[in-house]
Amino acid sequence: MRYFIGVIDHEFGGADEGEHEAIDAFNERLVAEDHFIVALGLSSPSRAVVLDNRGGAGITTPGPLLETEEFISGFWLVEVDDEATALALAAAGSKACNRRVEVRPIA
């Protein structure tokens with residue numbers, strides 16, 4: 001089973017040095033335990049562009065889809081045997097990055 005673990009942030013500034021070290025250690029754990037698929041940080045929502053080309057409309061709108069105080073600033077994709085393992089890894093990831101996280105199964 002694959003799960004998305006999204007890092008929830010409220011201001012864009014990235015992780016501090018201690019958080020970077022904890023995140024690196026968490027990523028190494030994911031690799032060692034064969035859970036790691038990919039981990040990425042995202043740029044500020046202010047750099048987003050929304051495109052709608054349904055029916056060839058060619059609509060481009062600068063900025064994020066939704067204006068909100070909180071946003072996804074990064075994520076992990078993990079491979080696990082069950083939801084309990086995904087939730088345990090998410091708790092460890094939350095501790096490592098010092099942020100709340102959202103967990104969703106990948107359909």
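We did not get these values from a lab; they are worked out from the coordinates using the rules stated. Values in this document were obtained by computation on a predicted structure and should not be read as measured data. Quick reminder, even Gly has a Cβ in these numbers, built from the backbone with ideal geometry, and neighbours come from all protein chains shown.
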*Peptides 75-81, 3-9, 100-106, 44-50: what's the order by average Cβ count within 10 Å, highest mean first?*
3-9, 75-81, 100-106, 44-50
_Pair L51, D24: separation of 7 Å Cα→Cβ label points (nm)_ = 3.5
*For the chain, what is the mean residue ellipticity at 222 nm derived from helices alone (per DSSP H run of n ≥ 4: -39500 (n - 2.57); sum divided by total residues; nearest 500 deg cm²/dmol)?*
-9500 deg cm²/dmol
*Taking every pair of Cα atoms in the chain, average 1/r, invert it to obtain the Kirkwood radius, and report Rg/Rh to two decimals.*
1.04
_Sorted peptide list for 24-35, 85-96, 58-69, criterion being average Cβ within 10 angstrom, highest first_ = 85-96, 24-35, 58-69
_In degrees, nearest ten, helix 17-32 long axis to first principal axis of the chain (Cα)_ = 70
